[in-house]
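Reading through the structure tokens given below for one structure.
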Amino acid sequence: MWTASDESLLAGVAAGDADAATALVRRYQRRVYGLARSVLGDATAAEDVAQEAFVRMWRHAEAFDPRRASVATWLLTITRNLSIDALRLRRAEPTDPAVLLSLHLVDGSRGPEDAAVAGDDVRRVRAALATLPDEQRRALVRAAYLGQTAREIGAYESIPLGTAKTRIRTAMLKVREALATEGRTT
């Protein structure tokens with residue numbers, strides 16, 4: 001068992017000491033993997049990110065500056081940045097908003113009464129979305145369900161940023177009004 005400090009182990013890694021690298025990996029593997037898993041929500045992607053974080057630790061060990069951060073902070077920052085990059089790449093996969101609308105959005109882990117209420121809410125939201133023009137519906141679904149920014153939506157739709165913002169806002173106002181109106185009539 002290694003009792004050396006993180007800094008001395010990282011200095012060993014910078015010098016090419018495989019045993020020091022092994023000791024640091026064992027010391028931080030759970031934290032690195034746990035951080036990646038919490039950001040990505042996917043075990044396989046988290047394993048890939050954790051592996052890449054340790055590869056970067058190995059490659060850039062000589063650049064570590066203990067005056068700027070601890071080894072733990074440095075390594076977890078690398079992990080966080082790689083996780084965010086992986087998340088961005090995954091978000092960049094195009095998804096048709098119509099496919100999202102066709103998904104069954106009721107959570108089966110709740111009781112029948114909760115499922116009925118949630119099912120009614122899903123039906124009401126779908127009905128409100130169906131009243132929107134296609135371009136507003138696409139913009140709202142991309143913003144709300146895919147988490148895309150107005151800039152990303154504008155780039156995807158090949159429209160100016162202001163137009164994307166207007167479509168999202170107008171769609172939200174129309175859906176809110178449709179839900180409020182339905183709530184008053186039921």
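Taking the mean number of other Cβ atoms within 10 Å as a proxy for protection, how do you rank 53-63, 77-87 from highest to lowest?
My ranking of the peptides, most packed first, is 77-87, 53-63.
At 0.36 nm per residue, and after removing the present C-alpha to C-alpha distance, how many nm does the segment from Ala15 to Arg59 gain when stretched out fully?
Roughly 14.8 nm would be gained on extension.
Amide H of Gln148: which non-local residues (sequence gap of 5 or more, or other chain) have their own amide H closer than 5 Å, using H built in the peptide plane?
Amide H to amide H, under 5 Å and 5 or more residues apart or across chains, Gln148 pairs with Ala143.
Calculate one ³J(HN,Hα) per residue across region 12-25 by plugging θ = phi - 60° into the Karplus curve 6.51 cos²θ - 1.76 cosθ + 1.60, and present them in order as whole Hz with x for glycine and proline.
Whole-Hz 3J(HN,Hα) from phi for region 12-25: x, 4, 4, 7, x, 7, 5, 5, 5, 4, 4, 5, 5, 4.
Fewest to most neighbouring Cβ within 10 Å: what's the order for Thr44, Thr131?
Listing Thr44, Thr131 from fewest to most nearby Cβ atoms yields Thr44, Thr131.
Rounded to the nearest 0.05, what FRET efficiency is calculated for Thr77 and Ser5 with R0 set to 25 Å and r the Cβ-Cβ distance?
Once rounded, the FRET efficiency stands at 0.85.
If you line up the Cα atoms of region 6-91 on their principal axes, what length do they span on each, largest first, in Å?
Between the extreme Cα coordinates on each principal axis of region 6-91 lie 37, 24, 17 Å.
All of the numbers you see were taken from the coordinates with simple rules; none came from a lab. Note that the structure is a prediction, hence the values are computed from the model and not measured. As a convention, Cβ positions derive from the backbone with ideal geometry for all residues, glycine included, and neighbour counts pool all protein chains shown.
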